[in-house]
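Notes follow once the structure below has been shown.
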Amino acid sequence: MAPNTGVARSGGMQYDSSLLHSGKWWQHGYIVKLNLLLVIPLITSYANGFDGSMMNGLQSVQYWKDYFGNPTDKDLGLFNAIQSIGAFCAIPLAPYVADGVGRKKGIVLGSFLVLIGAILQTCTQNLGMFVGSRFLVGFGTTFAQMASPLLISEVAYPTQRAPLTSLYNTLWFSGSIVAAWSTFGTFRIANNWSWRIPSALQGLSSVIQLLFVWFIPESPRWLINRGRDEEAKAILAKYHSGGDLSHPLITFEYNEIKEALALETEAARVSWLDLFRTPGNRRRMRIIIGIGVFSQWSGNGLISYYLSKVLDGIGITSSKDQTLLNGILAIYNFIIAITASMSVEKVGRRPLFIISTAGMLVSYAIITAMSGTYERAPNNDVGRTLLAFVFIFNGFYAIAYTPLLVSYTVEILPFLIRAKGLAAMNFSVMGAIIFNQYTNPIALGKLKWKYYLIYTIWLVFELGYVWLWALETKGRSLEETAALFDGEDAVAELTHRTGHDIAAAGRDIKHSPSDSQEKVNEHIHREHAA
């Protein structure tokens, strides 16, 4: 089969406006309440974002460097990579927790481990304790990161799913901002609390989650898969229709989930091999693994973890200037990513991926040229130009790979392989991070500006890859988006079976036929016509 160019049928099982709320979403208390509750899983990304920015900042803090004996390039590689190694080790286990005991309990376990790791990191007495605590932070983060986006995508109100799941990875910058500005504020402290305070703040999101996670609803899809249909319908009704169990949207969502699960169960029992067993799943994994690797191998790893070395290379060497720039960059990235998250459903996933990758390619080419020029003949104007394009590069990265990395992965996967598929994406991300964190400081020290050239060439490959295989998914339900990768027959089958189930359910709904049932029948008619 030829590579897909991203053209997808515009028809399909999209939500009819007659099934959804009227007016603005914030005029409906049940949607507002649900969105506020989903802030709890949304902040899971805080710990990871905090880590990258904290390690950037600590490399500019003299007391941290003195405490650990002025770490060499190899030491810095270990300090940065160990958190990712911990996360990598937990990936095979995390899907079984999310699928086995539920999304909420996965968040609880992850938050608890991250909090213990942050406490140990704050109380570090030696190199081994620092490394071990960072391993534990990474290990725990994976459990929460596996469960949180699944819960968000499976609980969110239909029209809110795309922006909320896109916001998930965007809130990586919430941790990044706190870490960057805490290191900027504490580097002046004339003792080891200049780096212990930022270490303690890494556990902030875990404290919030452990206090409030109990108020979040469990995933209706997970409950239905466990045979707890009445609980699932009650949750759907409470948060999607203000408690009205007979609302046509609840009927449609419930039957769509049931039929999607039935079709997936008929196809196969779930194992890791299922990720690659069918042509549809291989298409999914091709793009999922691709964007996972690209999210770390686009040259951003140098800026995320080794900004101080990049700034050293253009003559910005003071702790104050480096930590200040780290803080400003974090806020800038956050604003760009938030804006992109709010535009996902309007602009579409495919255009964002293409614009992002093309923009990074041009920006990194200019960064490479400016770095080479500055090394041969140091010049303030060249240094300022390079710094400006560091910001421009980060802006292009943030419009797609920050908001879409997790949300796109989750929405294109069927329920039964959703957790394992997300784990596979995390494998590719963590593998790329670990490789980067060990090689970047050494390669940058040896090759200097020529190392940027490698990433510039790689970005050409990335652009071709996303152009060929990034499918557009906007405007589709979660189940229909997943079916899209299996071909039009799968979409038609899911539409047909859902429609028949809704019609059957309608005969049992004791509701005025002139009210909700007419809307359901009208929606079914439109689906079959499409």
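The values are calculated or read from the model by the stated rules, or taken from the named source; none is laboratory data. Not measured: the values here are computed from a predicted model. All Cβ positions, even for glycine, are placed from backbone atoms using ideal geometry, and neighbour counts span all protein chains on display. Each accessible area value is taken on the protein alone, full model and side chains, heavy atoms only, with ligands, DNA and RNA left out. Shrake-Rupley method; radii C 1.70, N 1.55, O 1.52, S 1.80 Å.
Which value, in Å², gives the accessible area per residue of segment 110-185 when a 1.4 Å probe is used on the protein heavy atoms? Kindly include the intermediate steps, with their values, before the conclusion.
On the way: 1840 Å² over 76 residues.
Result: 24 Å² of accessible area for each residue.
For segment 323-383, with every protein chain kept in place, what is the accessible area per residue (1.4 Å probe, Å²)?
Solvent-accessible surface per residue comes out at 41 Å².
What is segment 169-240's relative contact order, in percent, from Cα pairs under 8 angstrom and six or more apart in sequence?
Normalised by residue count, the contact order of segment 169-240 is 18 percent.
Can you send over the carbon and sulfur percentage of the accessible area for segment 160-284, probe radius 1.4 Å, protein chains only?
64 percent
Given a 1.4 Å probe and every protein chain left where it sits, what share in percent of the accessible area of segment 311-425 is carbon and sulfur?
Numbers: 2590 of 3870 Å².
Carbon-and-sulfur percentage of accessible area, whole number: 67.
Under the rule of at least 5 residues apart or a separate chain, name every residue whose amide H is placed under 5 Å from the amide H of Thr473.
The answer is Arg349, Arg350.
What order do you get for 25-31, 424-430 when each peptide is scored by the mean count of other beta carbon atoms within 10 Å, highest first?
424-430, 25-31
How charged is the neighbourhood of Ala81? Take every other residue with its Cβ under 15 Å from the Cβ of Ala81, and add Lys/Arg as +1 and Asp/Glu as -1.
For residues surrounding Ala81, the net value is -1.
Among the listed pairs Lys238/Lys420; Lys74/Lys320; Lys320/Lys448; Lys233/Lys346; Lys65/Lys104, which have their C-alpha atoms separated by more than 32 angstrom in this model?
Lys65/Lys104
Simple spin-label model, 7 Å along Cα-to-Cβ: Leu468 to Arg376 in nm?
3.5 nm
Rank-order 150-157, 333-340 by packing density, defined as the average count of other C-beta atoms within 10 Å over each peptide's residues, highest first.
150-157, 333-340
Taking only the C-alpha atoms, wrap a convex hull around segment 338-464 and report its volume per residue in Å³ as a whole number.
In segment 338-464, the Cα convex hull volume per residue is 114 Å³.
Report ³J(HN,Hα) in whole Hz for each residue of segment 147-156, in order, from the Karplus equation J = 6.51 cos²θ - 1.76 cosθ + 1.60 where θ = phi - 60°; Gly and Pro get x.
In residue order, the calculated couplings are 7, 4, x, 5, 5, 4, 5, 8, 10, 4 Hz.
Skip the ligands, DNA and RNA, and give the accessible area per residue of segment 194-249 with a 1.4 Å probe, whole Å².
Roughly 40 Å² per residue, with all protein chains present.
Whole-Hz ³J(HN,Hα) for each residue in segment 357-365, computed from phi via Karplus 6.51 cos²θ - 1.76 cosθ + 1.60 with θ = phi - 60°, x for glycine and proline: what do you get?
Whole-Hz 3J(HN,Hα) from phi for segment 357-365: 5, 5, x, 5, 4, 5, 4, 5, 4.
Please sort 402-412, 239-249 by packing, taking for each peptide the average over its residues of neighbouring beta carbons within 10 angstrom, highest first.
Peptide ranking by packing, descending: 402-412, 239-249.
Counting Lys +1, Arg +1, Asp -1, Glu -1, what net charge surrounds Asn192 among other residues with beta carbon under 14 Å of its beta carbon?
Working: positive: Lys65, Arg188, Arg196; negative: Asp66.
In short, +2.
Starting from the Cα gyration tensor of segment 384-445, take the square roots of the eigenvalues, sort them a ≥ b ≥ c, and report rounded, prolate or oblate (rounded when a/c is under 1.5, otherwise prolate if a/b is larger than b/c, else oblate).
Taking the square roots of the gyration eigenvalues as a ≥ b ≥ c, segment 384-445 is oblate.
Which listed residue (Ala118, Ile31, Tyr46) has the Cα farthest towards the positive end of the charge dipole for segment 15-123, taking +1 on Lys and Arg C-beta and -1 on Asp and Glu C-beta about the Cα centre?
Result: Ile31.
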